[in-house]
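In what follows, a single structure is set out as structure tokens and then discussed.
All of the numbers you see were taken from the coordinates with simple rules; none came from a lab. Computed from a predicted model, the values in this text were never measured in an experiment. Glycine gets a Cβ as well: all are built from the backbone with ideal geometry, and neighbour counts include every protein chain shown.
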Amino acid sequence: TLQASAAPEIPPIPAVQGDVVQAEGDFKIKFSIGTTQSGAQYRGLEYFEKIVEQRSDGHIQVELFHSAQLGDDLQAVSNLQSGTLEMTAPSTSPLVGMFPEFAVFDLPFLFPTPEVADKVLDGEIGQKMLDDASRQGLVAIGWAENGYRQLTNSATPVTSPDDLDGLKIRTMQNDIHLGIWRTLGANPTPMSFAELFTALEQGVVDGQENPWITIEASKFIEVQDYASETNHVYTPFITLVSERFWNRLPAGYQQLVRDAAKQMGDYEREVSRTLNDQIKQQLKQAGMQITELTPEQVEVFQEKLAPVYDDWRDEIGGELIDAIRKAS
Ligand code: EAX
């Protein structure tokens, strides 16, 4: 049967809850992200903007930037530290050099469902990570999600690690991700997300991995014919504020920004999860050859990646890994 390729149903931006917060001063938040304007993340930012502007009665103005307009993930974080940018929300993976505890999110197949991810992010573990990441000029105030990562490439359908032999795969700037693709037999290269489209277009790399929504929003379909639904890693976005800016905000506004970040994260995850499957179908209809791996095929990847746990267990902390397994 012919399926109508209707535009995906996006959960609408909720109404703003809560009273106007009274505090002294006028402020401006420039909030910059690496993903494009059509992704779930930007939609979340629009909700954040609406909450903060309404509840500050216009005394905090929020200006949104997408597609790494104010710097790629690592540059944006360093702009927060120097105080030239107020907010950003990168994937945790490129930040592992600063915050080693984030590495737990890079372990393959650790989060079996989005519900487990929520339990970890919204529970004690997630709160402790936010507290611990509030240093080095940054204040970490919330979680959203990039989501489950899928593999795309320009060369061949991938159903098993054997198909990856020699494929040049772009990874995030993260040693575990490099380890994953090396262990699977591919030839991984780390680079920033901002450079990725051009690298795929020019054949510097053959493939990359990202959630369906990010794949679609970045138009990777123009340069990638094949995709495999591997769900190999769940990547959160962490919402960060410049400490210099934070210290200038009155307490009432700090709380408002915290609340807005929480509400943005809940809404963004809802959007991301609602759209994930719809976007996959949309990509298929647009001609991407998508392989939905069977559980047995996924298991082959999982077994092959066991050494990655051996390599990183001690460094990440076995107790943390076990606590996350227990949340499942
Ligand atoms: O902001 O680098 C990536 O592949 C991520 O999806 C990026 O952090 C999104």
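Taking all pairs of distinct Cα atoms, average 1/r, flip it, and tell me the Kirkwood hydrodynamic radius of the range 272-328 in Å to one decimal place. By the Kirkwood definition, the hydrodynamic radius is 14.5 Å. Here, the range 80-132 yields an orientationally averaged convex hull projection of 4.3 nm² when only Cα atoms define the hull. With both residues required to sit in the chain, DSSP beta bridges show an antiparallel share near 55%. Per-residue ellipticity at 222 nm from helix content only, as computed over the chain with -39500 (n - 2.57) for each DSSP H run of at least four residues, stands at -13000 deg cm²/dmol.
Where does helix 40-55 land angle-wise versus the long Cα axis of the chain, in degrees 0 to 90, nearest 10? With both axes taken from Cα atoms, the answer is about 10 degrees.
Please work out the FRET efficiency for the pair Ala15 and Arg273, using the Cβ-Cβ distance as r and a Förster radius of 22 Å; give the result to the nearest 0.05. Plugging the Cβ-Cβ distance into 1/(1 + (r/R0)^6) gives 0.60. The P(r) of the range 135-269 has a tail past 24 Å containing 40 percent of all C-alpha pairs. Using only Cα atoms, locate the centre of the range 149-167 and the centre of the range 182-199, then give the distance between them in Å, rounded to an integer. Between the Cα centres of the range 149-167 and the range 182-199 lies a distance of 13 Å. Place a point 7 Å from Cα of Glu292 in the direction of its Cβ. Which residues in the range 88-121 have their backbone N less than 18 Å from it? Answer for the range 88-121: 113-114. The angle between the Cα long axis of helix 251-285 and the main principal axis of the chain comes to about 30°, on a 0 to 90 degree scale.
Cα gyration tensor of the range 171-238, axes a ≥ b ≥ c as square roots of the eigenvalues: rounded (a/c below 1.5), prolate (a/b > b/c) or oblate? Rounded, because the longest to shortest axis ratio a/c is under 1.5. Counting every pair of alpha carbons in the range 214-328, the share spaced more than 24 Å apart comes to 54 percent. Evaluating kT/(6 pi eta Rh) at 37 °C and 0.692 mPa s, with the Kirkwood radius of the chain over Cα pairs in the Stokes-Einstein relation, gives 162 µm² s⁻¹. Which of the three applies to the range 7-83, rounded, prolate or oblate, going by the alpha-carbon gyration tensor with a ≥ b ≥ c and a/c under 1.5 meaning rounded? Judged from the Cα gyration tensor, the range 7-83 comes out oblate (a/c at least 1.5, b/c at or above a/b).
Within the range 180-199, whose backbone N sits under 19 Å from a point 7 Å along Cα→Cβ of Ile221? Residues passing the 19 Å test: 197-198. Residue pairs exceeding 27 angstrom between C-alpha atoms, taken from Lys30/Lys219; Lys168/Lys326; Lys262/Lys326; Lys30/Lys284: Lys168/Lys326; Lys30/Lys284. Across the range 1-139, Cα-Cα pairs farther apart than 17 Å form 71% of the total.
Here r is the Cβ-Cβ distance between Asp131 and Gln285 and R0 is 51 Å; the resulting FRET efficiency, rounded to 0.05, is 0.70. For the pair the range 33-78 and the range 275-291, the centres of their Cα atoms are 27 angstrom apart. Set against the 2.2 N^0.38 Å expectation for a compact globular protein, the range 14-57 has a Cα radius of gyration ratio of 1.32. Putting +1 on Lys and Arg Cβ atoms and -1 on Asp and Glu Cβ atoms, find which of Tyr42, Gly18, His59 reaches farthest to the positive end of the dipole of the range 1-151. Value: Tyr42.
Between Ile33, Ile316, Ile180, the Gaussian network model of the chain with springs among Cα atoms under 10 angstrom shows the greatest mean-square fluctuation at Ile316. Starting from the exponent 0.38 and prefactor 2.2 Å, build the expected Rg for the range 78-181 from its residue count and divide its actual Cα Rg by it. Cα Rg divided by the expected 2.2 N^0.38 Å: 1.25. With semi-axes defined as the square roots of five times the eigenvalues of the C-alpha gyration tensor, the equivalent ellipsoid of the range 202-280 measures 34, 16, 10 Å, largest first. Residues of the range 207-249 falling in the label zone of Asn187, defined by backbone nitrogen less than 17 Å from a point 7 Å along Cα to beta-carbon, are 207-208. Quotient of the Cα radius of gyration of the range 56-113 and 2.2 N^0.38 Å, N being its number of residues: 1.44.
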